[in-house]
Every structure is written in structure tokens, then in C-alpha cells.
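One structure is given below, encoded as C-alpha cells.
The values are calculated or read from the model by the stated rules, or taken from the named source; none is laboratory data. These numbers come from a predicted model, not from an experiment. Here Cβ is always computed from backbone atoms with ideal geometry, including for glycine, and neighbour counts include all displayed protein chains. The protein model used for the area step is the full one, side chains on, heavy atoms only, and it has no ligands, DNA or RNA in it. Shrake-Rupley method; radii C 1.70, N 1.55, O 1.52, S 1.80 Å.
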Amino acid sequence: MRHLIDPLDLDREETARLLGLAQRILDRPGDYARRCEGKILATLFFEPSTRTRLSFESAMLRLGGQVLGFSSAQSSSAAKGESVADTIRMISGYADIAAMRHFKEGAPLVASRYSKIPVVNAGDGGHQHPTQTLTDLFMIQRSRGQISGLTIGLCGDLKFGRTVHSLIKALVRYEDVRFVLISPEELRTPGYILKEVLSPSGHPFEEVRRMEEAMPRLDVLYMTRVQRERFFNEEDYVRLKDSYILTPEKLALGKKELAVLHPLPRVNEIHKQVDEDPRALYFEQARGGVFVRMALILALLGLEPHILKEA
Ligand code: NCD
């Protein structure tokens, strides 16, 4: 049995096969509409989410399966003090696969150790978010034709943004990727990502403060929200929240084929006028997340052979 806790739980070939399957589902969704009949997905969300939870649920429903779950810690037995280990042991008897989001880093990993069903990390604290990463890679590949050889700008809250941490981990496995890390001093990429992921990869990376300076050389611009819920005090959040706002004027400095991505939700960091620009791909990116999660559910349930290697 396989789980997806960290983006590196899938090797590069498995990732490529999974994205290939996501593309086949996108092209011919009808062929997959009954593949999960009789299967149940549990969505265990101890932290709020709209997109991720609903995209998992939509994915399972579009495969003909069913879903159950909870969408906040208050509405689960966690409020009574139940451990993650006990929750997943019990859920193993109620469902065939589980997607878990937790405010505590490492909670889905703990769950996977006690689980009898595949566990997918749907975001753990400021740590990792591997299904968002698959969604991001899928959009990069669809828009740019490939993932290798690109200059990728990551902009905003690079400190607390788990989608950024997961995406960097996944991207260093592709050839000739260059990173431009755009953030205020206080929200720089964590040291462990710089030292343990970026430096050993040998890929060039630079840290810059101004989006305008980086814009002309980017192939992909990955915007992120300042992660209010992870700040220790409100003043710091208020001071930093509008550090970067992508406007049509700033976007004008970018390449014609630039891909502007965002994991969403957007707060202020992308001006609404940018939505009309053909380079704004974030809503299409979110739509793609459903096909990616459909592919992942099929692969983890063993319903689509030859995607994952034997565990
Ligand atoms: C992201 C997350 O939860 O980390 N959202 C998502 O899953 N699409 C990004 C965010 O909340 O800013």
C-alpha cells in the first residue's frame, strides 16, 4: 500500500505517469465515470479548506465513488481529544482512502503509520502540500509543454507557504530549472529548503525583493498569499500582506508566454484585472486539480495499474 505524504513519495517517473493519466481523464472524463463505484473517500480536514477538500470530493464523485468526512477540527472527535492515530484506525474501517489536512506538521505522516488505507496529505501546517504540487506541475506542463528548462519565479510568502516548499522539492528533480525567490526579508524561503533542497540540487537560485526586477526573465510566476493564520501577531501580517500586488502594469514586463499560477485563495496579491490576461492560468490550474486527484485516487487504490511501482 502506498501513501502520498511528501511530494518525493512519488519518483519522477511515477509523477510523469500520474500526470499522463490526469491528462487522459481530462480528455475523456466519461471513460472514468464509474471506475470507483463502491469505493469511499474520507476527507479528514482538521483545518479549513475550500478548494482542496471540494476538489478531492469532486474527484471521487466524478469517479463514481462516494465521500464522507468533516471539515474542521471542532466538528470531529479531535475536539474531544482523540489522537490522529486513533482517528485513522477507525476511519480505516469506514473508507477505502483518506485525504487529511492538519494544522500540525507531520500529522498525516503519523496517520499513515497507523492506517490500513492509503492516506493523502492534503496540507500539514506550514510544511507540505503534495497534491497542490501535482496540480502545479500539471499546469506548468500543460501550459509550457515541459517542466525542464524553465525559469520559475516564486513570489510572496515563501516562509509559511507550504505549497512553495512542496513545489521546490518537486521541481529540483527536473533539468535546467532556475529559481527566482521573490519575497520580503521576513518571509524568505526557510533555511532548510535553501540548504537541504536548493543548494544540493545544483540549480541556480537567487533571492530578490522586487517583483519588477525578476519579471522579464520568468517563464512561470507562482504567486502566493501571505499566510495570515501562521503569523504570531496581526501587526506583522498587516505590514506584510500587500508586499506584492501583481497588476497589469507589472505583468506587462513579463514574457508573452509567461504562465501566472497561484494555488488560491487569492487575497490581494493579484489584481482582478489580471484575470483577463491569457497568461493568468490560476483558475484553469484549480480545475486541473480535480483531474490530478482523480488520477491519484485511481493509482493509490490500485485501480489503474502501472502508474505506481510496487511498494
Ligand atoms: C493553499 C494551502 O492550503 O496551502 N491552498 C490550496 O490548497 N489551494 C494555499 C493557501 O492557502 O494560500
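Which ones in segment 147-180 are within 12 Å of the ligand (Cβ to nearest atom), open to solvent by 10 Å² or more (accessible area, probe 1.4 Å) and among the β-branched types (Val, Ile, Thr)?
Within segment 147-180, just THR163 meets the criteria.
Can you tell me which residue among ARG230, ARG217, ARG239 is open to solvent by 50 Å² or more (accessible area, probe 1.4 Å), over 19 Å from ASP136 (Cβ atoms) and in contact (Cβ under 8 Å) with a residue 60 or more places away in the chain?
So the residue among ARG230, ARG217, ARG239 that is open to solvent by 50 Å² or more (accessible area, probe 1.4 Å), over 19 Å from ASP136 (Cβ atoms) and in contact (Cβ under 8 Å) with a residue 60 or more places away in the chain is ARG217.
Hand me the list of strands (runs of 3 or more DSSP E) wholly inside segment 121-213 holding 2 or more residues that are free of Cβ contacts under 8 Å to residues at least 40 places away in the same chain.
Here the list reads 178-182, 205-208.
Which of the residues belonging to segment 65-101 are within 22 Å of HIS127 (Cβ to Cβ), part of a strand (DSSP E or B) and open to solvent by 20 Å² or more (accessible area, probe 1.4 Å)?
Result: GLY69, PHE70.
Hey, does segment 132-144 have a residue that's of a type in the set (Val, Ile, Thr), open to solvent by less than 10 Å² (accessible area, probe 1.4 Å) and within 14 Å of the ligand (Cβ to nearest atom)?
Yes: segment 132-144 contains one or more residues that are of a type in the set (Val, Ile, Thr), open to solvent by less than 10 Å² (accessible area, probe 1.4 Å) and within 14 Å of the ligand (Cβ to nearest atom).
Tell me yes or no: at least one residue of segment 22-44 is open to solvent by 40 Å² or more (accessible area, probe 1.4 Å) and part of a strand (DSSP E or B).
Yes.
When you scan segment 254-265, do you find a residue that is of a type in the set (Asp, Glu), open to solvent by 30 Å² or more (accessible area, probe 1.4 Å) and part of a helix (DSSP H, G or I), even just one?
No: zero hits.
Would you be able to say whether some residue in segment 289-301 is assigned to a loop (DSSP other than H, G, I, E, B) and open to solvent by 20 Å² or more (accessible area, probe 1.4 Å)?
Scanning segment 289-301 turns up at least one residue that is assigned to a loop (DSSP other than H, G, I, E, B) and open to solvent by 20 Å² or more (accessible area, probe 1.4 Å).
Here is a yes/no grid of residues against (1) polar (S, T, N, Q); (2) under 22 Å from TYR192 (Cβ atoms); (3) within 16 Å of the ligand (Cβ to nearest atom):
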residue: ARG62; (1), (2), (3): no, no, no
residue: SER71; (1), (2), (3): yes, no, yes
residue: GLN74; (1), (2), (3): yes, no, no
residue: GLY81; (1), (2), (3): no, no, no
residue: VAL84; (1), (2), (3): no, no, no
residue: PHE103; (1), (2), (3): no, yes, yes
residue: ASN121; (1), (2), (3): yes, yes, yes
residue: HIS129; (1), (2), (3): no, yes, yes
